[in-house]
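Below you'll find the structure, written out as structure tokens, and then a few comments.
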Amino acid sequence: MIGNMNPISRRRLLGLVALNSAAALGLDIVGSGPAAATGRREYSPAVVVGTGYGAAVTALRLGEAGIPTIMLEMGRLWDTPGADGRVFSDMLHPDRRSMWLKQRTELPLASFLWFGIDRRIERYTGVLDRVHHGDMSVYVGRGVGGGSLVNGAMAVTPKRATFAEAFPRVDADEMYRVYFPRAREGLGVNHIDPQWFAACEAYRYARVSGKHAERAGLTTRFVPSVYDFDYLRREEERAVPRSALASEVIFGNNHGKRSLDRTYLADALGTGLVSIQALRHVRAIERCGRPGGRGGARYVLTVDELDTTGRRVATRQLATRHLFLGAGSLGTTELLLRARDTGALPDLGGEIGQGWGPNGNVMTARANHAWDRTGATQSGMPALAIDAWDDPRHPVFAEVAPMPAGVELWVSLYLAITRNPERGHVVYDATSDRAVLRWDASNAQPSVQAAKALFDRLNAANHTAYRADLFGDTRTFETRFTYHPLGGAVLGVATDDYGRVPGHPGLYVTDSALVPGNLGVNPFVTITALAERNIERIVAEDLR
Ligand code: FAE
């Protein structure tokens, strides 16, 4: 058993064993590769780029349907303990494992009392990346499991009306009846015991915010999670090694989290037909020069093999008939734009790159009174949110975020999701050969106004004030980063209603690029559920 999940299936066990054995042997390929060499070029009937949510669901269902599948992931496999016996480093002692090819950490909170808190690190293929695009930078997970390795585990199903507004062409009845429940089951979503929440030290910080919200007449609600709350309870009892209670969050969790390598990816590997190749960066996609050749290959990928300093050590070509893009909102969009604008796939449409948004993310913090202690030992996994999404003027869903510093700080921190109609777009820059996001600071203003309306109300009701020392200058609302990049290949706009790329048989988008910019809640449950829906149709219609 893993925590209070159902007994582990034989298939998942096989997958977990495959992952652990590959890690123990220092391999970056897991599972028996279906690839067959044809001259210089390898071939696989299906290829999935990335190993995040959309990719993991897709690979599992392809494997179950009997289709040999290769997954290509630019990050590393995160199953091997380092010299300190841990796979990941924590936020208080970050080392080279923390960030992707950086020489300094780049934390979302840049300072405390205006002192910088980022640390020097060795350049390495670490687990969290912060990709800079002018006024917006985008946090993403790098490694086998994608964002699931670094995220806050909040597993929130959107309100039905908001989902229907975002996806007017998707049957919402069917989503809420079939695919959201299937996604929650596959992800291992669990719920906190309210009695334990009311008494534990780990969520003192959330209770303080809850009390303040109540005073302001606001509603709070518990947030479901893929962090095992039973494990967390035992962490507090000191019965097991600490993870969420040991400042482990955005640089990975050594215990307790049901990241994709323990759920969907393990199941996919357990089918015996899926293999994962880590440290493989997909650079380019083009049409196969010999259509109808081996297996009816339609696309050829150029794939760089990386070492752990990020250096390219080899370049290979891989041909496939069915190509699924699950490289995340900006990763997938970049591959498509590069293919279109370099002339490799010139008929890709003008809608690619459009409809991008940061899910209205805003971070802010309040200073508490001395009697409102938020606790020195805070769970890194948020469990409570202020739900003001139905506010007609300023809809906000604000999770109460931890500040797991190991000392009392008297700070209440929030990551707010606001309704923001502004959209950015992504273009291909030939000089740097990368995708560039066009998003201006002014695009974030609706988010700031909404967050300000809510938190002004909280401060007024509790006689508290904003913290102005946490974001590197004196700003009180931080909108220069997002954890939730969405869009770039929007479902039903840049693709058909199931993620197929028009005019390109066998080419599919399967990840957060499908979600139009703003969802009202944290996105991974929706990404997972949409991928479940889409691949079911694609397997039935395109792969039989
Ligand atoms: P994603 O998980 O981003 O995976 C894409 C994968 O593709 C990555 O592993 C990349 O390394 C890989 N890749 C990219 N380009 C290439 C390439 N060219 N070749 C090979 N591989 C490539 O995709 N969401 C929630 O719902 N709840 C939360 O609590 C939450 N907290 C978050 C906290 C943090 C710090 C971060 C960064 C994100 C958080 N998110 C949260 C967002 C969530 O993790 C994100 O929406 C999903 O991971 C996106 O899933 P995708 O399938 O789109």
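The values are calculated or read from the model by the stated rules, or taken from the named source; none is laboratory data. In this text, all values refer to a predicted model and were calculated from it rather than measured experimentally. Note that each Cβ is placed from the backbone with ideal geometry, even for glycine, and that neighbours are counted across all protein chains shown.
Could you list, in sequence order, all residues of segment 136-180 that are within 26 Å of Glu478 (Cβ to Cβ) and in a helix (DSSP H, G or I)? Steps first, please.
Restricting attention to segment 136-180, the residues satisfying the condition of being within 26 Å of Glu478 (Cβ to Cβ) are 136-143, 146-156, 158-159, 162, 166.
Of everything in segment 136-180, those that are within 26 Å of Glu478 (Cβ to Cβ) and in a helix (DSSP H, G or I) turn out to be Gly146, Gly147, Ser148, Leu149, Thr162, Ala166.
Within segment 352-379, count every residue that is within 15 Å of the ligand (Cβ to nearest atom) and either among the β-branched types (Val, Ile, Thr) or under 16 Å from the mean Cα position of the chain (by Cα) (or both).
Filtering segment 352-379 for residues within 15 Å of the ligand (Cβ to nearest atom) gives 355-363, 379.
Going one step further and asking which of them are either among the β-branched types (Val, Ile, Thr) or under 16 Å from the mean Cα position of the chain (by Cα) (or both), we end up with 356-362.
Residues flagged as within 15 Å of the ligand (Cβ to nearest atom) and either among the β-branched types (Val, Ile, Thr) or under 16 Å from the mean Cα position of the chain (by Cα) (or both) within segment 352-379 amount to 7.
Quick test of your reading of the structure: Pro505 fulfils all but one of (1) buried (at least 24 other Cβ atoms within 10 Å of the Cβ); (2) part of a loop (DSSP other than H, G, I, E, B). Name the failing condition by number.
Failing condition for Pro505: (1).
Within segment 207-222, is even one residue closer than 26 Å to Asp129 by Cα, assigned to a loop (DSSP other than H, G, I, E, B) and of a type in the set (Ser, Thr, Tyr)? It would help to see each step written out before you state the result.
Just the residues of segment 207-222 that are closer than 26 Å to Asp129 by Cα, to begin with: none.
So far as segment 207-222 goes, no, none of its residues is closer than 26 Å to Asp129 by Cα, assigned to a loop (DSSP other than H, G, I, E, B) and of a type in the set (Ser, Thr, Tyr).
Filter segment 205-252 down to the residues that are of a type in the set (D, E, K, R) and under 26 Å from Pro181 (Cα atoms) and list them by number.
Correct list: Arg221, Asp228, Asp230, Arg233.
Tell me yes or no: at least one residue of segment 313-322 is modelled with pLDDT of 95 or more, surrounded by 22 or more Cβ atoms within 10 Å (Cβ to Cβ) and within 16 Å of the ligand (Cβ to nearest atom).
Checking segment 313-322: at least one residue is modelled with pLDDT of 95 or more, surrounded by 22 or more Cβ atoms within 10 Å (Cβ to Cβ) and within 16 Å of the ligand (Cβ to nearest atom).
Failed condition for Arg221, given (1) within 28 Å of Pro108 (Cα to Cα); (2) of a type in the set (Lys, Arg); (3) touching a helix residue (DSSP H, G or I) at 6+ places or on another chain (Cβ under 9 Å); (4) surrounded by fewer than 23 Cβ atoms within 10 Å (Cβ to Cβ), with all others met?
Against the list (1) within 28 Å of Pro108 (Cα to Cα); (2) of a type in the set (Lys, Arg); (3) touching a helix residue (DSSP H, G or I) at 6+ places or on another chain (Cβ under 9 Å); (4) surrounded by fewer than 23 Cβ atoms within 10 Å (Cβ to Cβ), Arg221 comes up short only on (3).
If the Cβ limit is 6 Å and pairs must be 6+ apart or interchain, which residue in segment 475-494 that is of a type in the set (Phe, Trp, Tyr) pairs with which residue that is away from the ligand (no atom under 12 Å from the Cβ)?
Pairs that qualify, where the first residue is of a type in the set (Phe, Trp, Tyr) and the partner is away from the ligand (no atom under 12 Å from the Cβ), are Phe477/Val362; Phe477/Thr364; Phe477/Val448; Phe477/Ala451.
List the strands (runs of 3 or more DSSP E) inside segment 279-331, counting only whole elements, that have at least 1 residues being over 27 Å from the mean Cα position of the chain (by Cα) and among the small types (Gly, Ala, Ser).
Working: elements: 280-287, 299-306, 312-325.
Counting at least 1 such residues, we get 312-325.
Going by what's in this entry, would Glu541 be described as within 16 Å of the ligand (Cβ to nearest atom), at pLDDT 95 or above and either part of a helix (DSSP H, G or I) or not assigned by TED's automatic domain parsing to the domain that holds Trp410 (or both)? Quick ask: steps written out before the conclusion?
Working: within 16 Å of the ligand (Cβ to nearest atom): no; at pLDDT 95 or above: yes; either part of a helix (DSSP H, G or I) or not assigned by TED's automatic domain parsing to the domain that holds Trp410 (or both): yes.
The answer is no for Glu541.
Give just the number: which of (1) away from the ligand (no atom under 15 Å from the Cβ); (2) among the aliphatic types (A, V, I, L, M); (3) within 25 Å of Ala401 (Cα to Cα); (4) in contact with a strand residue (DSSP E or B) (Cβ under 6 Å, 6 or more places away or on another chain) does Val240 not satisfy?
Here Val240 clears every test but (4).
Here is a check on your reading of the model: is Ser243 of a type in the set (Ser, Thr, Tyr) and out of contact with any His (no Cβ under 8 Å at 6 or more places or on another chain)? Walk me through how you get there before you give the answer.
Working: of a type in the set (Ser, Thr, Tyr): yes; out of contact with any His (no Cβ under 8 Å at 6 or more places or on another chain): no.
So Ser243 does not fit the description; no.
Name the strands (runs of 3 or more DSSP E) wholly within segment 36-86 that hold at least 1 residues that are away from the ligand (no atom under 16 Å from the Cβ) and surrounded by fewer than 23 Cβ atoms within 10 Å (Cβ to Cβ)?
Numbers: elements: 36-38, 41-49, 69-72.
Correct list: 36-38, 41-49.
Taking segment 323-351, which residues are free of Cβ contacts under 8 Å to residues at least 60 places away in the same chain and either within 12 Å of the ligand (Cβ to nearest atom) or under 24 Å from Val274 (Cα atoms) (or both)?
Listed by number, the list holds a single entry, Ala339.
With the checklist (1) within 24 Å of Gly487 (Cα to Cα); (2) out of contact with any Phe, Trp or Tyr (no Cβ under 8 Å at 6 or more places or on another chain) in hand, flag the one item Ala416 doesn't pass.
The one condition Ala416 does not meet is (2).
Test Gly252 against the stated conditions and say whether it is modelled with pLDDT of 95 or more, assigned to a loop (DSSP other than H, G, I, E, B), at positive phi and surrounded by 23 or more Cβ atoms within 10 Å (Cβ to Cβ).
Working: modelled with pLDDT of 95 or more: yes; assigned to a loop (DSSP other than H, G, I, E, B): yes; at positive phi: yes; surrounded by 23 or more Cβ atoms within 10 Å (Cβ to Cβ): yes.
Against the criterion (modelled with pLDDT of 95 or more, assigned to a loop (DSSP other than H, G, I, E, B), at positive phi and surrounded by 23 or more Cβ atoms within 10 Å (Cβ to Cβ)), Gly252 qualifies.
From the set of residues in segment 127-146 that are in contact (Cβ under 8 Å) with a residue 60 or more places away in the chain and more than 20 Å from Thr308 (Cα to Cα), which is surrounded by the most Cβ atoms within 10 Å (Cβ to Cβ)?
Met136
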